[in-house]
Amino acid sequence: MSLSANDQKQLDDFLERLQQAAALEIGYPVAFDFDYRALTPFLSFSLNNAGDPFMPMTYLLNSHEFEQEVVAFFAELTRAPPEQWWGYVTNGSTEGNLYGLYLARELLPDGIVYFSQDSHYSVAKNLHFLNMRHIMIRAQPNGEIDYEDLRETLRIRRDAPPVIFANIGTTMKEARDDIAVIRAILDELAIERRYIHCDAALCGGYAALLEPRPAWDFEDGADSIAISGHKFIGAPIPCGITLARRRHVERIGHSVAYIGSVDTTISGSRNGYTPLLLWYAIRSLGVEGLRRRIADALAVADYAERRFNAIGVTAWRNPQALTVVFPQPPDAVCAKWQLATAGGASHIICMPHVRREQIDALIADIQRAGGARSA
Ligand SMILES: Cc1ncc(COP(=O)(O)O)c(C=O)c1O
């Protein structure tokens, strides 16, 4: 395979544009501080992880053994009950959330899904795919679900079992719904048939390492959890991990002769390269490396919050969050720094690659542009 000079130039220009854009990327929940060059030789193979990662497969160019280790690592981080969990590497949390909701629907076909108005936009799409009844619950100003609104809504809909879609880090404010509080509400209302799915797209990479530890995992009562791999862990290809209680998954799998495996996943052909990336990251960093990364990133978030406030821009963040929220700066600043904005508020997300010098440069741009809009 080779390219014409023109096509090569197109690629070279693209690389240059990417390098420039990456230097100014502090607005989205993706970490760039990785180096996976050791995995380049594996790009020469058509890796495909179709089917259940824990079952043998007829096609041998798969990375199931690495996928198993990756999901086992996250099963431990999420305190999944030993031997009683199952999981696989997904294309990201949109798929992981679809999977969790799918399991919930199979378990509770008459269920109603409750999710907060600050949930990711893909949740509405997933519910539409699955044709599940749902009710949106108010969010508090910090982005956390409004527990009173949830309690009241559950109380009047006791005829249908609830499927709670909890956010463990909302997209705009990184708010975490407390599933211990949610469970207490369900207990108080004597609701026994229920399902809790945790969308831990961003925070799933480090929530287990926070002190105090948020209530979000299997021991806290989750039935399934979705985590993005390209967010806190960091990967050049979108990916994620989904985990669920084994008994829920056993309801949906069926054996497929063509692949010689069990079809328990959403996609047929599945990426065999992303499990290698995640495996490389967790093996080289280990839990201690992840702990250091989150501590450093939180220190940068703290620095950013203080720097904004020092120039008179009211910035805030949720406890132990990497996301710093502030009034929307002028458009040119938002465009340059790729700042996501909603309802007059913007944010930066201090992922592990974000450096204090970038914060300083953003602050200088905001000052030059005359400050942020008023809150
Ligand atoms: C809270 C939340 N849930 C789900 C998603 C979707 O995750 P993915 O991009 O991995 O599909 C995101 C993405 O930003 C998110 O912030």
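The values are calculated or read from the model by the stated rules, or taken from the named source; none is laboratory data. What you see is a predicted model; the values in this text were computed from it and never measured. Here Cβ is always computed from backbone atoms with ideal geometry, including for glycine, and neighbour counts include all displayed protein chains. Surface areas here come from the heavy atoms of the whole protein model, side chains and all, with no ligands, DNA or RNA. Shrake-Rupley method; radii C 1.70, N 1.55, O 1.52, S 1.80 Å.
Test Phe115 against the criterion of being in a strand (DSSP E or B) and either open to solvent by 40 Å² or more (accessible area, probe 1.4 Å) or within 23 Å of Met172 (Cβ to Cβ) (or both), and give yes or no. Yes; evaluated as a whole, the condition is true for this residue. Does Gly240 satisfy being within 22 Å of Thr40 (Cβ to Cβ) and within 16 Å of the ligand (Cβ to nearest atom)? Here the answer is no, as Gly240 does not meet what is asked. Of everything in region 23-50 that is assigned to a helix (DSSP H, G or I) and open to solvent by 90 Å² or more (accessible area, probe 1.4 Å), the residue that is nearest to the ligand (Cβ to nearest atom) is Leu43. Remark: Gly111 falls outside the filter, which requires a residue to be within 12 Å of the ligand (Cβ to nearest atom) and closer than 17 Å to Asp223 by Cβ. Screening Ala50 with (1) within 23 Å of the chain's Cα centre (by Cα); (2) over 25 Å from Gly205 (Cα atoms) gives one miss only, at (2). Here are Leu103, Leu98: which of them is buried (at least 18 other Cβ atoms within 10 Å of the Cβ) and touching a His at 6+ places or on another chain (Cβ under 6 Å)? Answer to the selection: Leu103.
Applying the set (1) within 16 Å of the ligand (Cβ to nearest atom); (2) buried (at least 21 other Cβ atoms within 10 Å of the Cβ) to Leu154 leaves exactly one unmet item: (1).
Which helices (runs of 4 or more DSSP H) sit wholly inside region 122-228 and have at least 1 residues that are in contact (Cβ under 8 Å) with a residue 24 or more places away in the chain, among the aromatic types (Phe, Trp, Tyr) and more than 24 Å from Glu250 (Cα to Cα)?
Filter on region 122-228 gives 147-156.
Of all positions in region 84-105, at least one carries a residue that is near the ligand (Cβ under 9 Å from one of its atoms), free of Cβ contacts under 8 Å to residues at least 60 places away in the same chain and closer than 25 Å to Ala175 by Cβ. What are the residues in region 128-147 that are farther than 24 Å from Gln320 by Cβ, exposed (fewer than 15 other Cβ atoms within 10 Å of the Cβ) and away from the ligand (no atom under 16 Å from the Cβ), if any? Within region 128-147, Asn131, Arg133 meet the criteria.
Yes/no per residue for (1) under 22 Å from Asn167 (Cβ atoms); (2) of a type in the set (D, E, K, R); (3) touching a Lys or Arg at 6+ places or on another chain (Cβ under 7 Å); (4) surrounded by fewer than 22 Cβ atoms within 10 Å (Cβ to Cβ):
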residue	(1), (2), (3), (4)
Ile266	yes, no, no, yes
Asn271	no, no, no, yes
Arg291	no, yes, no, yes
Ala295	no, no, no, yes
Gly312	no, no, no, yes
Pro327	no, no, yes, yes
Lys336	no, yes, no, yes
Ile348	yes, no, no, no
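Among the residues making up region 157-179, those that are more than 10 Å from the ligand (Cβ to nearest atom) and small (Gly, Ala, Ser) are Ala160, Ala166.
Considering each residue of region 15-22 in turn, none proves to be modelled with pLDDT of 95 or more, more than 16 Å from the ligand (Cβ to nearest atom) and surrounded by 14 or more Cβ atoms within 10 Å (Cβ to Cβ). In region 59-90, what residues are in a loop (DSSP other than H, G, I, E, B) and either among the acidic types (Asp, Glu) or in contact with a Pro (Cβ under 6 Å, 6 or more places away or on another chain) (or both)? Passing the criteria: Ser63, Glu83.
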